[in-house]
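Chemist: Below is one structure. I have some questions about it.
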Amino acid sequence: MAAPPGGAGRRANRLDPGSTRLALVVGGLVLALIAGFAIGRIDTGPGASTASGSATTGQADDGHVHPPGTAPHEHPAAGAAGVTTGAEVGGLSLSAGGFTLVPTTASFPVGRSQDFRFQVRGTDRAPVTNFTVQHEKPMHLIVVRRDLSGFQHLHPTMAPDGTWSIPLTLPEAGVWRAYADFAASDSAGRQTAVTLGVDLVASGDYRPRPLPAVAREATADDFTVTFEGTPQVGTTQPLLFRIFRNGSPVTGLERYLGAYGHLVALRDGDLGYVHVHPEEQLVGGAVKFWLAAPSPGNYRLYLDFQVEGTVRTAEFTLTVA
Ligand SMILES: [Cu+2]
């Protein structure tokens, strides 16, 4: 999990507006949620529950949010006793935590906008309509081609019947992965944060790109972004991103969705999904995340940041030893 050194409780005092809104929720849920969202949160795998009392099943350790005051700890992977493991990934399944992602269509024309519509259904088969705002949005939709190119971070809107929709253009042929990252209440009122994933297809001649070379520097328009820190399996490490323009550090970094940056990491090979939010304040001008790598392997990192009202994404390839 993504709990930083020092414990969740300390960090829970530093909330952004998106997290503060959660304080309207009642009882123990409040604390558990705040802990989860205020930390550089790793967005949770299948069955990841923000309700601390609900983590009682056999899968209970998958990406749950630690209640305040508990020390960060690592979870042993099922069937891998004695092996050091890292954070859980989400987005590998279209059904997890009692929720199922049901797209209306998964087929798209290449290069032409088409509405992507979907519902999230509960165990009672009914569409879920009760979503919690996380980082200013009730639903975060990430779309990327399976070769990890073409990253998009979108915010669909929900009709009263629980159908989400957003115009979506898949610019090139291939199989694309769509991740629905949300927290919702089921019919029993139990709140769960989960990321579900589904494949979308844009028919045509798919020419996958090789994963770009490992690098600590990336460009996005006229910005250069660097990062320091070495993500490891089994321990949470700081990751600091710095943003430059024309060789000078950018001073006008703006909050986007309540945070100075949003970091999505996707694992090469299965597209396992990790979503982390940074510390509330900049640290020496840098956007600071805390991250535990889910496993050794190659990852593509996508950092969304905003300057002068425009959101850009800096992408990095990272190898975790
Ligand atoms: Cu989002």
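Chemist: Find all pairs meeting these conditions: Cβ atoms under 6 angstrom apart; at least six residues apart or on different chains; first residue within the stretch 97-118 and over 17 Å from residue 202 (Cβ atoms); second residue in a loop (DSSP other than H, G, I, E, B).
Modeler: Correct list of pairs: 97/47; 98/123; 98/186; 101/94.
Chemist: If you take the residues of the stretch 288-300 that are away from the ligand (no atom under 16 Å from the Cβ) and part of a strand (DSSP E or B), which of them is nearest to residue 253 (Cα to Cα)?
Modeler: 288
Chemist: Looking only at the stretch 126-150, count how many residues are more than 16 Å from residue 164 (Cα to Cα) and more than 13 Å from the ligand (Cβ to nearest atom).
Modeler: Adding up the residues that qualify gives 7.
Chemist: In the stretch 251-287, what residues are away from the ligand (no atom under 15 Å from the Cβ) and of a type in the set (D, E, K, R)?
Modeler: 254, 267, 268, 270, 279, 280
Chemist: Moving to a separate point now. Does residue 214 qualify as being in a strand (DSSP E or B), more than 16 Å from the ligand (Cβ to nearest atom) and over 19 Å from the mean Cα position of the chain (by Cα)?
Modeler: no
Chemist: Looking for whichever is closer than 17 Å to residue 273 by Cα, assigned to a strand (DSSP E or B) and of a type outside the set (A, V, I, L, M, F, W, C) here; the options are 150, 197. Which one fits?
Modeler: None of the others qualify; the one that does is 197.
Residue by residue, here is whether (1) touching a residue at least 24 places away in the same chain (Cβ under 8 Å); (2) within 16 Å of the ligand (Cβ to nearest atom) holds:
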{"position": "152", "(1), (2)": "no, yes"}
{"position": "158", "(1), (2)": "yes, yes"}
{"position": "165", "(1), (2)": "yes, yes"}
{"position": "176", "(1), (2)": "yes, no"}
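Chemist: Only residues that are of a type in the set (Ser, Thr, Tyr) and in contact with an Asp or Glu (Cβ under 6 Å, 6 or more places away or on another chain): list them for the stretch 263-321, please.
Modeler: Result: 302, 313.
Chemist: Identify the residue in the stretch 223-259 that is part of a strand (DSSP E or B) and among the hydroxyl-bearing types (Ser, Thr, Tyr) and, among all such residues, is most open to solvent (accessible area, probe 1.4 Å).
Modeler: Here the residue is 248.
Chemist: A follow-up question, please. Looking at (1) assigned to a strand (DSSP E or B); (2) open to solvent by less than 50 Å² (accessible area, probe 1.4 Å), find the lone condition where residue 278 falls short.
Modeler: Residue 278 satisfies every listed condition except (1).
Chemist: Also, quick follow-up: Can you find a residue in the stretch 182-191 that is open to solvent by less than 40 Å² (accessible area, probe 1.4 Å), under 19 Å from residue 302 (Cβ atoms) and either without any contact (Cβ under 8 Å) to a residue 24 or more places away in the chain or not assigned by TED's automatic domain parsing to the domain that holds residue 305 (or both)?
Modeler: Yes; the residues of the stretch 182-191 include at least one that is open to solvent by less than 40 Å² (accessible area, probe 1.4 Å), under 19 Å from residue 302 (Cβ atoms) and either without any contact (Cβ under 8 Å) to a residue 24 or more places away in the chain or not assigned by TED's automatic domain parsing to the domain that holds residue 305 (or both).
Chemist: Let me ask something else. Can you find even one residue in the stretch 264-274 that is open to solvent by less than 30 Å² (accessible area, probe 1.4 Å) and either polar (S, T, N, Q) or outside any strand (DSSP E or B) (or both)?
Modeler: Within the stretch 264-274, one or more residues are open to solvent by less than 30 Å² (accessible area, probe 1.4 Å) and either polar (S, T, N, Q) or outside any strand (DSSP E or B) (or both).
Chemist: Going by the conditions given, is residue 309 away from the ligand (no atom under 16 Å from the Cβ), open to solvent by 50 Å² or more (accessible area, probe 1.4 Å) and modelled with pLDDT under 95?
Modeler: When the stated conditions are applied, residue 309 does not pass them.
Chemist: Then there's this: Any idea how many residues of the stretch 107-125 are open to solvent by less than 40 Å² (accessible area, probe 1.4 Å) and among the small types (Gly, Ala, Ser)?
Modeler: 1
Chemist: Another question, then. Kindly establish whether residue 318 is touching a residue at least 12 places away in the same chain (Cβ under 8 Å) and either in contact with a Lys or Arg (Cβ under 9 Å, 6 or more places away or on another chain) or farther than 24 Å from residue 182 by Cβ (or both).
Modeler: yes
The values are calculated or read from the model by the stated rules, or taken from the named source; none is laboratory data. Remember, predicted model here, so these are calculated numbers, not experimental data. Cβ sites come from the backbone with ideal geometry, for glycine too, and all protein chains shown count toward neighbours. Heads up: the accessible areas ignore ligands, DNA and RNA and are worked out on the full protein's heavy atoms, side chains in. Shrake-Rupley method; radii C 1.70, N 1.55, O 1.52, S 1.80 Å.
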